[in-house]
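Values quoted throughout were computed directly from the atomic coordinates according to the rules given, and no laboratory measurement underlies them. Because the structure is a prediction, the values reported are computed rather than measured. Positions of Cβ are generated from backbone atoms using ideal geometry, with glycine treated the same way; all protein chains shown enter the neighbour counts.
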Amino acid sequence: MRRIRAITLATFAAFAASTVIAPTAGRAQVSIGVSVTIAPPELPIYAQPPIPEDGYIWTPGYWAYGRGGYYWVPGTWVQPPEPELLWTPAYWAWQENVFIFHPGYWGPRVGYYGGINYGYGYDGYGYEGGYWDHDRFSYNRAVNNIRNVHVTNIYSKTIIHNDVSDRRVSYNGGAHGTNARPNSRDEAFEHDHHVSPTALQERHEHGAGDNRALLNSNNHGRPAIAATTRPAEFHGPGVVPARGVVVQHRDAPAAPREEHPQSAPQPQHNAPPSGAARPESPHDARGGPPDRNDDHGRDQHAPNQNGPRDDRRDHQ
């Protein structure tokens, strides 16, 4: 049993043949949306592949839904459609007794995305991976894998978490989802100018939907293509599998950064209590600028953005 609400264009074709579509007003794109009665799977654990070149922004992976059920859309590096835009990730939410999909979008600030801890700067509230300095993006090297590219616009700010209860949960609300609620600032962000995902992002999602290996029913929550260096490139050295998946190929991903959701808890900076609305920080939604006092002149190493830090630096 399913009711259709809103889904991105990339998954529209998957539903058109088998369901009744009801168009709705799109907030970030010409959209059609989906809601289902089955909860999305947990987020897989995967390493962040290296950035392909300066100017790209990390967009986390997520579960989408098609005719074959849930499928994984790999995390990937994306060139923003224009300077000074940040990515608000897609998320699922339990509303009116169904799971409703909220598509991701570009905008001048990072909006509400359900408190989902996607990792690599997207810890559920805003974005800690970098910020725009006019037309140049500054990267937080503590959460971005930028060691393979010469990038001069960098800083270091460690983000540590102590709440391990929802580290791999992929949806908001319901009995087992995250408890985050939008605050007045989030609601104001809903009225910002939102920009649709790029054509390459749409092709990335559509390609994932066509790849049967990315179906949850086939990979059991451990996709062999969990993240990619570039969108819509599902083969080659830039592909990173989920943890626990053994992939036989000659070209291994170059020095992926890993984060893990399940290890000993550590203190978190400015973490709201469970169930609380996100804090109204003047900077968190814009991705920066960072608090220079957090670094104390030291080289900070990557914390766990999808859970507490461990020495192997795993993701999701």
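Close amide H pairs (under 5 Å, H built 1.01 Å from N) link Y46 with R243, E259, H315, Q316, residues at least 5 positions away or on another chain.
On full extension, the segment bounded by E190 and R203 gains 2.1 nm, given 0.36 nm per residue less the C-alpha separation.
Working from the Cα coordinates of region 120-232, the gyration tensor eigenvalues give, after taking √(5λ), semi-axes of 25, 23, 18 Å in decreasing order. In this structure, Q79 and S217 have a Cβ-Cβ separation that, at R0 = 30 Å, corresponds to a calculated FRET efficiency of about 0.40. Each of the peptides 170-177, 201-208, 109-116 was scored by the mean count of other Cβ atoms within 10 Å over its residues; in descending order, highest first, they stand as 109-116, 201-208, 170-177.
In order along region 56-62, phi translates into HN-Hα couplings of 8, 10, 6, 10, x, x, 7 Hz, rounded to whole numbers, per the Karplus curve 6.51 cos²θ - 1.76 cosθ + 1.60 with θ = phi - 60° and x for Gly and Pro.
Calculated on the alpha-carbon coordinates, the convex hull of region 36-155 measures out at 109 cubic angstrom per residue.
Taking amide H positions as modeled 1.01 Å from N, with prolines and chain starts lacking one, the residues under 5 Å from G174 and 5 or more places away or on another chain are W94. Computed on region 111-153, the Cα convex hull volume stands at 73 Å³ per residue.
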